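The values are calculated or read from the model by the stated rules, or taken from the named source; none is laboratory data. What you are looking at is a predicted structure, and each value in this text was computed from that prediction instead of being measured. Reconstructed Cβ throughout: ideal geometry from the backbone, glycine too, with neighbour counts over all protein chains shown.
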Amino acid sequence: MKINSAEFIESIYDLRTLPKSVLSEFVLVGRSNVGKSSLINVICNKKKLAKVGSIPGKTRQLNYFLINKEFYIVDLPGYGYAKVPEQIRAGWRKLVEDYISDRANVNMVFVMIDARHDPTYLDELMVSWLEYYEIPYAIILTKSDKISKNKMEKQIYRASKIVNNDDLCKDYIPFSIITNEGKDEIMNLIDSALNNEFSNSSSDEDSDED
Ligand SMILES: Nc1nc2c(ncn2[C@@H]2O[C@H](COP(=O)(O)OP(=O)(O)O)[C@@H](O)[C@H]2O)c(=O)[nH]1
Ligand SMILES: [Mg+2]
């Protein structure tokens, strides 16, 4: 897939004001600082489309980016750090779970995990929500330039431990904004998802309902 246009559309603070479009949404989730904004800029070939390195845990909005006038990339608020007060964390949970569970436009979620670290409880919680609501997702292991191939193998294995439904987890993709590793894989995944290649999955038991 070639990116012909990429533009920031809006920030959403209240789910009642989500865009009324029917376009597919590809959603980025992960803790603050994992590299969500950086991934958007690399995918879109624009250095400053998304703000990199904003104050961790302070982003409370969903940011909408329109790509090729065909689909959205949605940057969800980061999980924040442990020191974030429980009240704010509860607000984050409600916002993210409400969005994930209600938004029919969500095509696929990219669960982003810093490859240097093991998945956290919040990554695990995120994956369990996605599986509960049967939303396809992929795990992106970010900052792959900072670790060896060997260590990456181990981290992919560790990430696979939080996955319970292999049909929903479409891929594990090491990614780096320095080497561009993983960029093509992510684009191909988006392409496949837009072409509905995942809609008739192997479990076709309820596809003949009438
Ligand atoms: N070495 C390296 N640094 C990265 C990579 N991706 C992001 N970073 C850095 O990590 C920091 C946080 O990135 P950002 O995109 O703002 O994370 P966000 O909070 O998830 O949106 C920034 O200083 C980035 O330059 C990567 O692939 N490799
Ligand atoms: Mg960001």
Evaluate the following for Leu18: is it more than 16 Å from ligand 1 (Cβ to nearest atom) and surrounded by fewer than 17 Cβ atoms within 10 Å (Cβ to Cβ)? no
Examine the stretch 163-172 for a residue that is within 16 Å of ligand 1 (Cβ to nearest atom), within 29 Å of Lys2 (Cβ to Cβ) and at pLDDT 95 or above, and state whether such a residue exists. yes
When residues of the stretch 38-64 are limited to those that are closer than 21 Å to Ile88 by Cα and modelled with pLDDT of 90 or more, the one farthest from ligand 1 (Cβ to nearest atom): Leu62
Single residue of Ile162, Ile178, Ile100, Ile140 found to be buried (at least 16 other Cβ atoms within 10 Å of the Cβ) and either at positive phi or touching an Asp or Glu at 6+ places or on another chain (Cβ under 8 Å) (or both): Ile162
Can we say Ala90 is away from ligand 2 (no atom under 16 Å from the Cβ), over 18 Å from the mean Cα position of the chain (by Cα), at pLDDT below 85 and within 30 Å of Ser148 (Cα to Cα)? no
Across the stretch 26-52, which residue is surrounded by the fewest Cβ atoms within 10 Å (Cβ to Cβ) among those that are without any contact (Cβ under 8 Å) to a residue 24 or more places away in the chain and within 11 Å of ligand 2 (Cβ to nearest atom)? Lys51
Name the residue, out of Ile100, Ile113, Ile139, Ile173, that is among the aliphatic types (A, V, I, L, M), in contact with a Phe, Trp or Tyr (Cβ under 6 Å, 6 or more places away or on another chain) and in a strand (DSSP E or B). Ile139
Among the residues in the stretch 136-152, are any free of Cβ contacts under 8 Å to residues at least 24 places away in the same chain and among the aromatic types (Phe, Trp, Tyr)? no
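Residues being outside any loop (DSSP other than H, G, I, E, B) and under 17 Å from the mean Cα position of the chain (by Cα): count how many of those fall in the stretch 9-58.
Restricting attention to the stretch 9-58, the residues satisfying the condition of being outside any loop (DSSP other than H, G, I, E, B) are 9-12, 15-17, 24-30, 36-44.
From what is left, the residues that are under 17 Å from the mean Cα position of the chain (by Cα) are 11-12, 24-30, 36-44.
Of the residues in the stretch 9-58, 18 are outside any loop (DSSP other than H, G, I, E, B) and under 17 Å from the mean Cα position of the chain (by Cα).
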Do we find a residue being at pLDDT 95 or above and in a strand (DSSP E or B) anywhere in the stretch 177-197? no
